[in-house]
Amino acid sequence: MNFKLRVWRQHDSEEKGKFVEYQATNITADMSFLEMMDLVNLGLVRKGEDPIAFDHDCREGICGTCGMFINGRAHGPLKGVATCQLYMRSFTDGETITLEPWRAKAFPVIKDLVVDRSAFDRIMQAGGYVSVDTGGVPDANSIPIPKADAEAAMDAAACIGCGACVAACKNSSAMLFVSAKVSHLALLPQGQTERKERVRRMVARMDAEGFGNCSNTYACEAECPKEISVVNIARLNREFLRAIVA
Ligand code: SF4
Ligand code: FES
């Protein structure tokens, strides 16, 4: 398979940036999307050119670093997968593929397709710690958790912090990310001690980082590789309200 790539090249956050075209040749359908990118970069390095910068680490949908827009979709054309879980069989031979970084004020471009998502780290830091009882280990069945709560908490905990929700939202809102992080602890006994303080601080940090308001379009849920539900945003709003009035 052969592809034409239109790649956003931008030296740093100060430079304007532009699309540059590259050829991706001799690609097999079973190659992952990032392996295709590796091959293109190998060709650029051999020609003495600057390789395309893109973020990646685990390459198995866990770390959340590999996000980019592929043909205008966050993480590409498939639902429920991160960029690193895409394979070239999802594209048509001869297709032009357009690659862009996340575009959001709170995620400045570091280089090419790599953006600075440290705003998410600062929101997590604002959430603080979880108190633990350092006494004897309690029997698991002494702190029963309703199955529905455990499952909802686990679903929320699946968020990998990739930022696709922010990039997909026309307001660059981080509500889905923050709601997932708030929900997974608010639903469990372990998260109760700092529950109110946590949501107050995380929302304040989210606002301070320049993320916008929820657009109510559900674009975040549609593009989330972990299919985090907007139900969590409703829970975040309830948690926040409870924390500021109580
Ligand atoms: S909610 Fe989904 S899209 Fe947003 S950071 Fe978490 S995994 Fe990524
Ligand atoms: S490289 Fe880790 S989620 Fe894609």
(request) Report the one residue of L236, V203, S179 whose Cα lies farthest in the direction of the positive end of the charge dipole of the range 117-245 (charges on C-beta: Lys and Arg +1, Asp and Glu -1; origin at the Cα centre). (result) V203
(message) Could you tell me the relative contact order of the chain? Use alpha-carbon pairs under 8 Å, at least six residues apart, and round to a whole percent.
(response) 20 percent
(request) Give me S142, S172, S90 ranked fewest to most by other Cβ atoms within 10 Å of their Cβ, as a rough exposure proxy. (result) S142, S90, S172
(request) Amide H neighbours of T98 under 5 Å, at least 5 residues apart or on other chains, H built in the peptide plane: list them. (result) R6, N71
(request) Tell me which residues come under 5 Å, amide H to amide H, from C63 once H is placed; ignore anything under 5 positions away on its chain. (result) C58
(message) Residues of the range 1-33 with the amide nitrogen closer than 13 Å to a label point 7 Å from the Cα of D93, along Cα-to-Cβ, please.
(response) 1-3, 26-30
(message) Quick one: 3J(HN,Hα) in Hz for the range 48-57, Karplus 6.51/-1.76/1.60 with θ = phi - 60°, rounded, Gly and Pro as x.
(response) x, 9, 6, x, 6, 7, 9, 8, 5, 8
(message) Students often check this: by mean Cβ neighbours within 10 Å, which of 54-60, 164-170 ranks highest, and how do the rest follow?
(response) 164-170, 54-60
(request) Would you mind checking the pairs K18/K181; K18/K105; K105/K226; K4/K79; K147/K196 and listing those with alpha carbons more than 25 angstrom apart? (result) K18/K181
(message) Over 10 Å intervals from 0, what percent of Cα-Cα pairs in the chain sits in each interval?
(response) 7, 29, 30, 19, 11, 4, 0
(message) Give me a comma-separated list of calculated 3J(HN,Hα) values for the range 173-188, in order, Karplus coefficients 6.51, -1.76, 1.60 applied at θ = phi - 60°, integers in Hz, x for any Gly or Pro.
(response) 7, 9, 4, 5, 4, 5, 5, 5, 5, 5, 4, 5, 8, 5, 7, 10
(message) Please arrange I145, I110, I228 by how many other C-beta atoms lie within 10 Å of their C-beta, fewest to most.
(response) I145, I110, I228
(message) For the chain, take the longest principal axis of its alpha carbons; what is the angle in degrees between that and the long axis of helix 118-127, to the nearest 10 within 0 to 90?
(response) 10 degrees
(message) Just to check I understand the Karplus step: with θ = phi - 60° and J = 6.51 cos²θ - 1.76 cosθ + 1.60, what whole-Hz values come out for the range 64-78, glycine and proline as x?
(response) x, 8, 8, x, 6, 7, 10, 6, x, 10, 5, 6, x, x, 8
(request) Report, to the nearest 10°, how far helix 231-245 tilts away from the longest principal axis of the Cα atoms in the chain, using its own Cα long axis and a range of 0 to 90°. (result) 40 degrees
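For the range 1-57, which GluC sites (Glu not before Pro) pass both filters: DSSP loop (anything but H, G, I, E, B) and at most 15 other C-beta atoms within 10 Å?
E14, E15, E49
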(message) I'd like the antiparallel share, as a percent to the nearest 5, of DSSP beta bridges with both residues in the chain.
(response) 75 percent
(message) On C-alpha positions alone, give me the angle between the axis of helix 147-157 and the longest principal axis of the chain, in degrees, nearest 10.
(response) 40 degrees
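Read-outs throughout are calculated quantities, based only on the coordinates presented, and are distinct from any laboratory measurement. This structure is a prediction, so every number in the text was calculated from the model and none was measured. Don't worry about glycine lacking a Cβ; one is built from the backbone with ideal geometry, like all the others, and counts go over all protein chains shown.
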